[in-house]
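Trainee: Dumping the structure here so I can ask a few things about it.
The values are calculated or read from the model by the stated rules, or taken from the named source; none is laboratory data. As the structure is a computational prediction, the values presented were derived from the model and not from experiment. Here the Cβ is made from the backbone with ideal geometry for all residues, glycine too, and neighbour counts use every protein chain on show. When the accessible area is computed, the model is the full protein with side chains, heavy atoms only, and any ligands, DNA or RNA have been set aside. Shrake-Rupley method; radii C 1.70, N 1.55, O 1.52, S 1.80 Å.
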Amino acid sequence: MTGREERVARAALTRIGEPGDEAMNRWLDRYGAVETLEAFGSDSPLPGASRTRWAGLRQRARGLDPEADLAAIGGLGGRFVCPGDAEWPSQLDDLGDGRPVGLWVRGRASLRMWALRSVAVVGSRACTDYGAHVAATLGSSLAARGWTVVSGAAYGVDGAAHNGALAAGGATVGVLACGVDMAYPPGNGELIRRIGERGLLVTELPPGDHPTRSRFILRNRVIAALTRGTVVVEAELRSGSLVTARRALGLGRLTMGVPGPVTSGLSAGVHQLLRGEGIVVTDAAEIVELVGAIGELAPERRGPMVPRDLLSPEAACVLEALPARGALGVGAVARAAALAEDRALVRLQELQSLGFLERNGDHWQLARVTNQHTNR
């Protein structure tokens, strides 16, 4: 467990550096959090920082009150999770120098435990009804199978995936680009509140911090690293969801996509992903087969069974020997099916009893219902 002094220093550093600040993490590795924080009291930059950047960081370091931030997150029923804590998801360390300094977490569940069986479901904010339906179905089905659904709490696919998981009474994690006490986007305020109460809200930014365009892009790396795989549901060629997918690929995570209409620009990015290293999935069972344990297999997909599927090979050959129109005698059927006449007669009588054929004197023909339903 991280010591109190280290925790307070890391909390302060989340207000100084931006998410994914690689120089900050190198300083943490070399000097530790406390010494790194103290260094901002000096005019001399730490290695790797220009004087201009150092001046900007020092400006941010003035007047910090990390104890107030820690009290604020505690008042929301949350906590600040640091590397080394029992709740820290160690897979985030795969981000190397881009890993979070710490995570502000709101919700009762253990982030580490929920992340062990988690899948990211991301996609277009301006999704179609098809995309929303697919995302909600995936979210509810994954949650029903005991998997945590991770997304960015944004409009469109993100919100649909979270709502699906919540509707199934399952686990869901919203990774935010702002403080956990803020509702962004505002129109998803009710959803974000429910995620905080029944799931988990996670961010690298301290309470009260606002989102920016770059922070949305940077939070995608956390979504990718936190989960076993990323599923993209509808994405244009230029899409933040594809950024998440590419980060997942770079981290060695499984990257999946749900195909859409080839005429839809909202699926063009997904299709491009699937032409590369992405894997096609169409439901939760296929996702779990890819990211789950050995033996968690999706059911084999087969078309609907028709009555002729139950016929023996010999009976099927006799049925194939009958023309679509007209009738044949036993001899002609036997020659077409390459059978002795007595064997052909036995199969003709069998097919008649099953309703496939009709007898007209010494000739045999397809039953009318067989012709009508094209069971051939």
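Trainee: Testing Phe40 on (1) under 39 Å from the mean Cα position of the chain (by Cα); (2) within 16 Å of Thr14 (Cβ to Cβ); (3) not small (Gly, Ala, Ser), one condition comes back false. Which one is that?
Mentor: Of everything listed in (1) under 39 Å from the mean Cα position of the chain (by Cα); (2) within 16 Å of Thr14 (Cβ to Cβ); (3) not small (Gly, Ala, Ser), Phe40 misses just condition (1).
Trainee: Taking the range 1-18 as the region of interest, how many residues are open to solvent by less than 40 Å² (accessible area, probe 1.4 Å) and modelled with pLDDT of 95 or more?
Mentor: Total satisfying the criteria: 10.
Trainee: May I pose another question? Collect the residues in the range 193-225 that are under 23 Å from Ala68 (Cα atoms) and aliphatic (A, V, I, L, M), keeping them in residue-number order.
Mentor: Leu200, Leu201, Val202, Leu205
Trainee: Exactly one of (1) open to solvent by less than 70 Å² (accessible area, probe 1.4 Å); (2) closer than 30 Å to Phe356 by Cβ; (3) part of a helix (DSSP H, G or I) is unmet by Leu339. Its number?
Mentor: (3)
Trainee: Looking at Ala55, Ala23, which is the one that is open to solvent by 40 Å² or more (accessible area, probe 1.4 Å) and either more than 34 Å from the chain's Cα centre (by Cα) or under 24 Å from Ile217 (Cβ atoms) (or both)?
Mentor: Exactly one residue qualifies, and that residue is Ala55.
Trainee: Kindly evaluate Gly269 against the criterion of being within 16 Å of Val157 (Cα to Cα) and more than 15 Å from the chain's Cα centre (by Cα).
Mentor: Spelling it out, Gly269 is indeed within 16 Å of Val157 (Cα to Cα) and more than 15 Å from the chain's Cα centre (by Cα).
Trainee: Considering (1) open to solvent by less than 10 Å² (accessible area, probe 1.4 Å); (2) touching a strand residue (DSSP E or B) at 6+ places or on another chain (Cβ under 7 Å), say which one Arg253 fails and leave the rest.
Mentor: The single condition Arg253 does not satisfy is (1).
Trainee: Only one residue in Arg221, Arg228, Arg193 is touching a Pro at 6+ places or on another chain (Cβ under 9 Å) and closer than 23 Å to Val81 by Cβ, so which one is that?
Mentor: Going through Arg221, Arg228, Arg193 in turn, just one is touching a Pro at 6+ places or on another chain (Cβ under 9 Å) and closer than 23 Å to Val81 by Cβ: Arg221.
Trainee: Is there any pair linking a residue in the range 283-300 that is farther than 10 Å from Arg228 by Cβ to one that is of a type in the set (A, V, I, L, M) and at pLDDT below 65, with Cβ under 7 Å and at least six apart or on different chains, and which?
Mentor: Final answer for the pair search is Ala285/Ala298; Glu286/Ala298; Glu289/Leu297; Glu289/Ala298.
Trainee: Then there's this: From the list Gly84, Gly56, pick out the single residue that is outside any strand (DSSP E or B) and modelled with pLDDT under 95.
Mentor: Gly84 is the lone residue from the list that is outside any strand (DSSP E or B) and modelled with pLDDT under 95.
Trainee: Taking the range 26-43 as the search range and keeping residues that are in contact (Cβ under 8 Å) with a residue 24 or more places away in the chain and open to solvent by less than 60 Å² (accessible area, probe 1.4 Å), which one is nearest to Pro100 (Cα to Cα)?
Mentor: Leu28
Trainee: Let me ask something additional. Considering every residue within the range 71-85, establish whether at least one is within 15 Å of Met24 (Cβ to Cβ), more than 22 Å from the chain's Cα centre (by Cα) and open to solvent by 40 Å² or more (accessible area, probe 1.4 Å).
Mentor: No, because not a single residue in the range 71-85 is within 15 Å of Met24 (Cβ to Cβ), more than 22 Å from the chain's Cα centre (by Cα) and open to solvent by 40 Å² or more (accessible area, probe 1.4 Å).
Trainee: Look at the range 261-275 and say how many of its residues are open to solvent by 20 Å² or more (accessible area, probe 1.4 Å), of a type in the set (Gly, Ala, Ser) and over 25 Å from Leu218 (Cβ atoms).
Mentor: Counting residues in the range 261-275 that are open to solvent by 20 Å² or more (accessible area, probe 1.4 Å), of a type in the set (Gly, Ala, Ser) and over 25 Å from Leu218 (Cβ atoms) gives 2.
Trainee: Now for a different question. So, Val270, is that one in contact with an Asp or Glu (Cβ under 7 Å, 6 or more places away or on another chain) and outside any loop (DSSP other than H, G, I, E, B) or not?
Mentor: In short, yes.
Trainee: Let me ask you something else. Mind listing whichever residues of the range 276-323 are modelled with pLDDT of 95 or more, open to solvent by 40 Å² or more (accessible area, probe 1.4 Å) and assigned to a loop (DSSP other than H, G, I, E, B)?
Mentor: Those that are modelled with pLDDT of 95 or more, open to solvent by 40 Å² or more (accessible area, probe 1.4 Å) and assigned to a loop (DSSP other than H, G, I, E, B): Thr282, Asp283.
Trainee: Can you name the condition, by its number, that Gly20 falls short on among (1) touching a residue at least 24 places away in the same chain (Cβ under 8 Å); (2) in a helix (DSSP H, G or I); (3) not polar (S, T, N, Q)?
Mentor: Only one criterion is unmet by Gly20, namely (2).
Trainee: Please give the helices (runs of 4 or more DSSP H) falling wholly within the range 127-238 in which 1 or more residues are without any contact (Cβ under 8 Å) to a residue 40 or more places away in the chain, crowded, with 21+ Cβ neighbours inside 10 Å and within 19 Å of the chain's Cα centre (by Cα).
Mentor: 129-144, 157-167, 189-198
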